[in-house]
Amino acid sequence: MPEPILIVDAEDPRIEPFRDVRERDLVGRSGFIAEGTVVLDQLLQAERFRPTAFLILRNRLEGIRSRLAGMPGDIPVYVAERAVFDRIAGFPVNRGVLAHGTATDTPWSVAAILARAAATGRPVVVGIEIANHDNLGAIFRNAAAFGAAGILLDETSCHPLYRKALRVSVGTALTLPWYRGGTGEAIVAACEAAGCRVLALSPYGDTPLTRLDRTAPAALLLGAEGRGLPASLMARCETVRIEMQPEIDSLNVATAAAIVLHALYSAA
């Protein structure tokens with residue numbers, strides 16, 4: 001692995017990408033921040049992304065040395081003691097492992113993800129107005145766990161590479177194909193043109209999940225907590241409901257996605 005570089009001054013300009021990561025939690029600084037060894041493992045095996053620098057708590061270095069063994073020598077590995085590390089990050093980073101990463105290839109397109117779904121028979125997850133980082137990260141984790149072909153997000157959804165979303169996804173946003181952009185209407189139209197059954201979850205859906213025909217390629221639409229999916233999109237979709245106790249009207253969006261994706265996965 002590259003020779004570690006000891007950082008003793010939190011103002012050292014070399015560690016600028018890692019500075020105040022909580023306040024600068026958005027994708028920026030010409031890349032993104034991966035936090036923790038679980039996310040780091042996904043980054044190291046990702047095809048589309050690569051690390052550009054590491055910031056490691058000094059007492060964590062030996063434990064992850066084997067992970068960094070194959071890194072090119074031009075990727076710096078900065079190490080710091082706890083006090084300096086936390087001042088750089090702007091808060092106590094319990095995991096003590098940060099990596100700055102960047103994309104190495106062009107993004108997946110809507111067409112490419114839908115073609116992947118058609119070739120594999122796996123569902124596509126479509127997120128509309130998903131603004132909560134925790135929910136988005138959990139949706140990615142569930143989609144990866146149950147073999148989704150990819151995720152399509154409209155332009156109003158939060159970014160999968162926000163530090164918190166990436167951490168909750170356990171790094172699967174680095175390895176699962178996804179696209180973010182455009183309107184929900186345009187994404188649904190593309191799914192329809194690709195021959196997908198477009199399924200929308202609703203507590204009042206016409207089809208109970210237990211009776212859903214699971215053989216055709218599916219695009220699973222998910223909406224924001226509270227508001228749900230826009231009525232204009234619901235009107236053009238096959239609505240599906242998860243049967244539950246009548247006094248509970250809905251589930252968290254990531255939980256609902258997991259239940260439906262598991263049903264589709266089990267039928268594959």
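Observations on the structure shown:
- When residues in region 127-150 are screened for being touching an Asp or Glu at 6+ places or on another chain (Cβ under 8 Å) and among the hydrophobic types (A, V, I, L, M, F, W, C), 1 of them pass.
- Residue satisfying all of: in region 213-240; of a type in the set (G, A, S) and either touching a residue at least 40 places away in the same chain (Cβ under 8 Å) or buried (at least 19 other Cβ atoms within 10 Å of the Cβ) (or both); nearest to S202 (Cα to Cα) among these: G228
- Among the residues making up region 188-212, those that are buried (at least 17 other Cβ atoms within 10 Å of the Cβ), modelled with pLDDT of 85 or more and not hydrophobic (A, V, I, L, M, F, W, C) are R197, G205.
- Unmet criterion (only one of (1) without any contact (Cβ under 8 Å) to a residue 12 or more places away in the chain; (2) at positive phi) for A189: (2)
- Scope region 116-142; condition touching a Gly at 6+ places or on another chain (Cβ under 8 Å), crowded, with 19+ Cβ neighbours inside 10 Å and in a helix (DSSP H, G or I); matching residues: A117, L136, I139
- Every pair of residues 6+ apart whose Cβ atoms lie under 9 Å, when the first sits in region 1-18 and is touching a residue at least 12 places away in the same chain (Cβ under 8 Å) and surrounded by 11 or more Cβ atoms within 10 Å (Cβ to Cβ) while the second is assigned to a loop (DSSP other than H, G, I, E, B) and of a type in the set (S, T, N, Q): M1/S66; P17/S30
- Taking region 19-115 and the strands (runs of 3 or more DSSP E) fully enclosed by it, the elements with 1 or more residues that are touching a strand residue (DSSP E or B) at 6+ places or on another chain (Cβ under 9 Å) and basic (K, R) are at 49-57.
- Residue satisfying all of: in region 154-175; closer than 18 Å to T104 by Cα and in a loop (DSSP other than H, G, I, E, B); nearest to the chain's Cα centre (by Cα) among these: P160
- In this entry, T183 is excluded by the filter for residues that are touching a residue at least 24 places away in the same chain (Cβ under 8 Å), open to solvent by 20 Å² or more (accessible area, probe 1.4 Å), under 20 Å from L229 (Cα atoms) and in contact with a Ser or Thr (Cβ under 8 Å, 6 or more places away or on another chain).
- Only one entry of S232, S266 meets the criterion of being in a helix (DSSP H, G or I), of a type in the set (S, T, N, Q) and in contact with a Gly (Cβ under 9 Å, 6 or more places away or on another chain), and that entry is S232.
The values are calculated or read from the model by the stated rules, or taken from the named source; none is laboratory data. The structure presented is a predicted model; accordingly, all values stated were derived computationally and were not measured. Here Cβ is always computed from backbone atoms with ideal geometry, including for glycine, and neighbour counts include all displayed protein chains. Heads up: the accessible areas ignore ligands, DNA and RNA and are worked out on the full protein's heavy atoms, side chains in. Shrake-Rupley method; radii C 1.70, N 1.55, O 1.52, S 1.80 Å.
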